[in-house]
Protein chains: 2
Amino acid sequence: MLPEVIEIREFLIIGHRALTSPDFSLNDLPGSAGRMDILCRCVNTALFLSHELRRDVRVHLLLLGEPAPPVLITFDGAAVKYLNPDERSAGSLIQKALTRGDGESTPGIFASKQRLAETIAGKNLIYLHEDGEDIRKAEIDENALFILGDHLGLTIEEERLLEKNRAKKLSVGPEKYHADHCIIIVNNELDRRGKWKLK
Amino acid sequence: MLPEVIEIREFLIIGHRALTSPDFSLNDLPGSAGRMDILCRCVNTALFLSHELRRDVRVHLLLLGEPAPPVLITFDGAAVKYLNPDERSAGSLIQKALTRGDGESTPGIFASKQRLAETIAGKNLIYLHEDGEDIRKAEIDENALFILGDHLGLTIEEERLLEKNRAKKLSVGPEKYHADHCIIIVNNELDRRGKWKLK
């Protein structure tokens, strides 16, 4: 299981059509794997610094596509290995996780049948959405879990579930950004608070 | 040739080992093409908004790898077509540009034998570097050209050339970020100045 860590930054990206079997081609992540390319880029932007990984970040990918949804795949920055920044690299590790099924497939990468409600239970939730409060002006709890949609956004049911769990809505800027781009802006804002705006 | 545009945001990424022939595999952009994957991700982060392209952005990729450096490939957001967000898509268009050689290969994508000195001549240069002034506090000229290195950074000669051309050094945050990640932070900062901090 995932180790207990005191302070951690978490991201959850919901892939509504992302395939839940390993039967896809790494040569066609957008088409053959239900826009898995989006999730692969999110893994990159959540975890990579120049020449090192963010060891205090966890990325959860909630795959809701055919044939066996849901599958939750977690990349734990503290333990992950064999990950390179290119899309195929993350795609290949996701494929291995789907082949292995429940448990740890490669170091730091875990799969389970968790649903959205279980994944968010008991967490400080932040829903990234263009109608939210400006992230630069917002208070952000430590150990927050940032939630993002894929190219389809979130469904009404998912939004209701977040609301019920008191998710705070934050916006990263005046444009509508891709999920992986939002993650960069969040990481940068939190980096600044930790290192440039010492309390 | 590239059309004249009044206000434009430009990025230049220097790929020191990026191949200057089309003889590489889209299945191995990092290995077979001299870290072309980095340049492909920079094209993505410079040009993509959710469900649209940034029409006021131009991305220049300066390829300095074997066998025939330099090759400058420009993606003009105002005219570019057939571009999807995944790495292979940008990689495939770069490959087409290298096959075609000088001129426009597909709409909005241009190749030429320009060198760094020619590309930066007469422009307001901003060199993104971790030792620079914080971008959030800096004055930024309109029509700036933001310059970034690949995984190798810039050479001493390149840095001297930028200095001679009065490049301003700006930093995007307290960590060392990948080039494509820096571009997101720049785009976000300029989006905010344009739309959220109206003068």
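A few comments on the model shown:
- Residue selected from region A:170-199 under the condition among the basic types (Lys, Arg) and within 18 Å of residue A:9 (Cβ to Cβ), by the criterion nearest to the other protein chains (Cβ to nearest Cβ): A:195
- Reported count of residues in region B:31-56, each being more than 27 Å from residue B:190 (Cβ to Cβ) and touching a residue at least 40 places away in the same chain (Cβ under 8 Å), is 1.
- In region B:74-98, residue nearest to the other protein chains (Cβ to nearest Cβ) [restricted to those that are touching a residue at least 60 places away in the same chain (Cβ under 8 Å) and closer than 17 Å to residue A:26 by Cβ]: B:88
- Residue B:48 fulfils the conditions (1) over 16 Å from residue A:88 (Cβ atoms); (2) within 11 Å of another protein chain (Cβ to nearest Cβ); (3) in contact with a helix residue (DSSP H, G or I) (Cβ under 7 Å, 6 or more places away or on another chain) except for a single criterion, (3).
- Filter result for residue A:28 (within 13 Å of another protein chain (Cβ to nearest Cβ), of a type in the set (D, E, K, R) and farther than 20 Å from residue A:191 by Cβ): yes
- Of all residues in region B:21-42, those being of a type outside the set (Lys, Arg) and either more than 20 Å from residue B:59 (Cα to Cα) or open to solvent by 30 Å² or more (accessible area, probe 1.4 Å) (or both) number 10.
- Of all residue pairs spaced 6 or more apart or on separate chains, those with beta-carbon atoms under 9 Å, a first member in region A:134-154 that is in contact (Cβ under 8 Å) with a residue 40 or more places away in the chain and polar (S, T, N, Q) and a second member that is in a strand (DSSP E or B) and surrounded by 16 or more Cβ atoms within 10 Å (Cβ to Cβ) are A:143/A:9; A:143/A:10; A:143/A:124.
The values are calculated or read from the model by the stated rules, or taken from the named source; none is laboratory data. Keep in mind the model is a prediction, meaning the values are calculated, not measured. Glycine also receives a Cβ, built like all others from the backbone with ideal geometry; neighbour counts cover every protein chain displayed. Heavy atoms of the whole protein, side chains included, go into the accessibility calculation; ligands, DNA and RNA do not. Shrake-Rupley method; radii C 1.70, N 1.55, O 1.52, S 1.80 Å.
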